[in-house]
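Heads up, the thing below is written out as structure tokens.
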Amino acid sequence: MVNPEKQQNFKKLQALLNELPWYVEEYINHKLRKLSTASLFNYCHDYKIFFNWMITEQLCTCSIKDIPLERLEQLTVLEVEGFLNFLHYELNNKELTVNRKLSALKSLFNYLQNIAETPDLQPYINRNVMAKIEFNEVKETMETRANKMEGKILLGDEYEQFRLFIARDYGELNKDNKKISNFYQLNKERDTAIISLILGSGLRLSELIGLDLDDIDFSKYCARVIRKGNKEQFVFFSQIAMDDLQEYLAVRTAKYQVDKNNKALFVAAPMGPKGKSRRLTARSVEKLVEKYAAAFGKPALSVHKLRHSFATRYHTEINDVPKLRRQLGHSSIQTTMIYTHIRNDDLKIAVDKMDMPKEQ
């Protein structure tokens, strides 16, 4: 299954690596099997900020690409603390963001000291200053995070209201605007299916756009996806999502002039006189969610918030954290536990039981 988002991130990652020292590329190659290209790109972006800071502070007089291992080995605690202060006070990074960038540096330095080896089996660096640096203490509790999330996700009757708004009400709202109305009529089945599938499965954006027609199992109500860490998994989705998906597939070929060789599940209309339909991009999905969310009156909604909405609904109706963890593809159960702190008492009477199998 081709994942265009993954391919694009890999190209961006390689381009950024060309600006960084050789040992960073070696480290990234070491991590490539275990982390997503998007995560590794963020790591490299953080390294570029750090190396740029070193040069600006005249801690090194060479170019970024030529910063030697010896200079990293000689960094002092005060110098690193200076960089963290730079992130916080000059770049206005929040404590969690500073912690994330520090974590990326700690991982790189740990590789250089404890994993990488020279031809004579010696570590690349003997002294690791990052091991002496502590993370910022973040006082925000899981319950606080859950409370913040609660105001930005769909709850209770809003699940079906939002779905129906896309399937029907948005068109009625814009019936007097010919341009908007025509675009909506072209895409309403596709857009409804996209929203319904996220709300009925909790798929990530990258997983959604990477789906091919052959990845859908219509008898078992599940989709084959490639999750973080390049892991294949079958993810179940709801009956409503299946119904909306079938309605979209009934018009997919005719509406989007889809070539028989195009196996992408979600496609965009062809552009130009000789244009071909193409796989829908991540940004296109983000924009359509933003459009409908703003018109619906919940502009804070995003693709990721729809995933949170599914997880909240699932937990309230089924109350099985291990199964929810598997459904969402979380590597750590602590990430899943946040949904146990979201108060949503009206959900039991507001929505039907999720159409999910007892065993997964």
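State in Å² the accessible area per residue of the range 1-117; use a 1.4 Å probe, count heavy atoms of protein chains only, and round to the nearest integer. Intermediate values should be presented prior to the final figure.
Details: 6180 Å² over 117 residues.
For the range 1-117, the per-residue accessible area is 53 Å².
Starting from the Cα of Gln8, step 7 Å along the direction of its Cβ; do the same at Glu81; then give the gap between the two resulting points in nm.
With each label placed 7 Å out from Cα toward Cβ, I get 4.3 nm.
HN-Hα J couplings of the range 241-250 from phi, Karplus 6.51/-1.76/1.60, θ = phi - 60°, integer Hz, Gly and Pro as x?
Using θ = phi - 60°, the values come out as 4, 5, 4, 5, 5, 5, 5, 5, 5, 5 Hz.
Please give the per residue volume of the convex hull enclosing the alpha carbon atoms of the range 246-315, rounded to a whole number of Å³. Walk me through the intermediate numbers first.
Details: hull volume 9.0 nm³, N = 70.
It comes to 128 Å³ per residue, whole-number rounded.
DSSP loop GluC sites (Glu not before Pro) in the range 77-139 with at most 16 other Cβ atoms within 10 Å of their Cβ, which ones?
Values: sites: Glu79, Glu81, Glu90, Glu95, Glu117, Glu134, Glu137; in loops: Glu134, Glu137.
Passing sites in the range 77-139 are Glu134, Glu137.
Hey, rough spin-label estimate for Leu164 and Asn92, points 7 angstrom out along Cα→Cβ, what's it come to in nanometres?
Computed distance between label sites Leu164 and Asn92 equals 4.2 nm.
Would you work out the relative contact order for the range 144-259, in percent, from Cα pairs under 8 angstrom that are 6 or more residues apart? Write out the running numbers ahead of the final one.
Details: 95 pairs, mean separation 25.5, N = 116.
Value for the range 144-259: 22 percent.
Just in the range 200-286: which chymotrypsin sites (Phe, Trp or Tyr not before Pro) are loop by DSSP and have at most 14 other Cβ atoms within 10 Å?
Counting only loop positions with at most 14 other Cβ atoms within 10 Å, the chymotrypsin sites (Phe, Trp or Tyr not before Pro) in the range 200-286 are Phe218.
What does the extension gain come out to for Arg283 and Arg326, with contour length at 0.36 nm per residue minus their alpha carbon separation?
My answer for the length gained is 12.9 nm.
In a solvent-free Debye calculation with one equal scatterer on each Cα, what is log10 I(q)/I(0) for the range 143-274 at q = 0.13 Å⁻¹, listed in the order of the q values?
-0.65
Only Cα pairs under 8 Å and at least 6 apart count here; give the relative contact order of the range 197-329 as a rounded whole percent. Don't skip to the answer; put the middle values down first.
On the way: 165 pairs, mean separation 37.7, N = 133.
The value is 28 percent.
May I have the extent of the alpha carbons of the range 30-133 along their three principal axes, as whole Å values ordered from largest to smallest?
43, 32, 26
Which trypsin sites (Lys or Arg not before Pro) from the range 166-240 combine a DSSP loop assignment with at most 13 other Cβ atoms within 10 Å?
For trypsin sites (Lys or Arg not before Pro) across the range 166-240 that sit outside H, G, I, E and B with at most 13 neighbouring Cβ atoms in 10 Å, the list reads Lys175, Lys220.
Before I look further, what does the range 172-288 give for accessible area per residue, probe 1.4 Å, in whole square angstrom? Numbers along the way, then the final one.
Details: 5930 Å² over 117 residues.
Value for the range 172-288: 51 Å² per residue.
First compute the accessible area of the range 3-144 with a 1.4 Å probe, then give the percent of it belonging to carbon and sulfur atoms.
So the carbon and sulfur contribution to the accessible surface is 49 percent.
How big is the Cα convex hull of the range 66-116 in projection, averaged over all directions, in nm²?
Values: hull surface 16.3 nm².
The orientation-averaged projected area of the Cα hull of the range 66-116 comes to 4.1 nm².
The values are calculated or read from the model by the stated rules, or taken from the named source; none is laboratory data. Fair warning: this is a prediction, and the values are worked out from it, not measured in the lab. Neighbour counts run over all protein chains shown; Cβ positions are idealised from the backbone, glycine included. When the accessible area is computed, the model is the full protein with side chains, heavy atoms only, and any ligands, DNA or RNA have been set aside. Shrake-Rupley method; radii C 1.70, N 1.55, O 1.52, S 1.80 Å.
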